[in-house]
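Data block below; observations after.
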């Protein structure tokens, strides 16, 4: 754990398989959601899958490795100092950065018990920087297999520009208590009772 940021390394996950699945999902999103409004446009270099993240949830795709990642997030989340008395839901998306792409300073919506995080699939040489409301700035160097989350209502954050010819791939996610998303669309998955069939 870094001050105000919770992180762990998931080293028993098949990153090659998740990378392939992320590329496939990114292509599907690019081919099928191109006409959706891009309400998440941070800057012109923002990856498309991030811009349209309101329209899909990566954790709803049938995949053993994504299910393993989901359960790893769930286990780490509930073992962290959070309010365990609430039912939480998760929504995730692919951040597929090509050379020159990045995310500028931004924040995620939510109240006190809302969280945002990411999982590094193919991180290249990159980092995420957090700017907390108290003025503290924390830089988190990316590492393949790194899982990170923090409260949504305490910071702005941004990513470094992808400088490599191979894409930087991460999976971003938001976690919210049920009462905060109960009137939202059905793209949320409950983090306390995911069932694999």
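The values are calculated or read from the model by the stated rules, or taken from the named source; none is laboratory data. Since the structure is predicted, the reported quantities are computational estimates derived from the model, not experimental observations. Virtual Cβ from ideal backbone geometry, glycine too; neighbours counted across all protein chains shown.
Every residue in the range 90-107 that is in a loop (DSSP other than H, G, I, E, B) and buried (at least 20 other Cβ atoms within 10 Å of the Cβ), please.
Passing the criteria: 101, 103.
Considering only the range 111-143, how many residues are under 21 Å from residue 58 (Cα atoms) and more than 14 Å from the chain's Cα centre (by Cα)?
Selection size over the range 111-143: 1.
Taking the range 109-122 only, how many residues are surrounded by fewer than 20 Cβ atoms within 10 Å (Cβ to Cβ) and on the phi < 0 side of the Ramachandran plot?
Count: 5.
Which strands (runs of 3 or more DSSP E) sit wholly inside the range 124-197 and have at least 2 residues that are farther than 30 Å from residue 100 by Cβ and at pLDDT below 90?
The qualifying strands (runs of 3 or more DSSP E) are 168-177.
When you scan the range 26-51, how many residues do you find that are at pLDDT 75 or above, out of contact with any helix residue (DSSP H, G or I) (no Cβ under 6 Å at 6 or more places or on another chain) and either assigned to a helix (DSSP H, G or I) or more than 21 Å from residue 174 (Cα to Cα) (or both)?
Result for the range 26-51: 5.
Mind checking which residues of the range 62-83 are in contact (Cβ under 8 Å) with a residue 40 or more places away in the chain, closer than 26 Å to residue 21 by Cα and in a loop (DSSP other than H, G, I, E, B)?
63
As an exercise: evaluate residue 54 against (1) crowded, with 17+ Cβ neighbours inside 10 Å; (2) within 25 Å of residue 156 (Cα to Cα); (3) modelled with pLDDT of 85 or more and give the number of the one condition it does not meet.
If we test residue 54 against (1) crowded, with 17+ Cβ neighbours inside 10 Å; (2) within 25 Å of residue 156 (Cα to Cα); (3) modelled with pLDDT of 85 or more, just (3) comes out false.
For the range 61-71, which positions are surrounded by 14 or more Cβ atoms within 10 Å (Cβ to Cβ) and either out of contact with any strand residue (DSSP E or B) (no Cβ under 7 Å at 6 or more places or on another chain) or modelled with pLDDT under 90 (or both)?
61, 63, 65, 66, 67, 68, 70 - these are the residues of the range 61-71 that are surrounded by 14 or more Cβ atoms within 10 Å (Cβ to Cβ) and either out of contact with any strand residue (DSSP E or B) (no Cβ under 7 Å at 6 or more places or on another chain) or modelled with pLDDT under 90 (or both).
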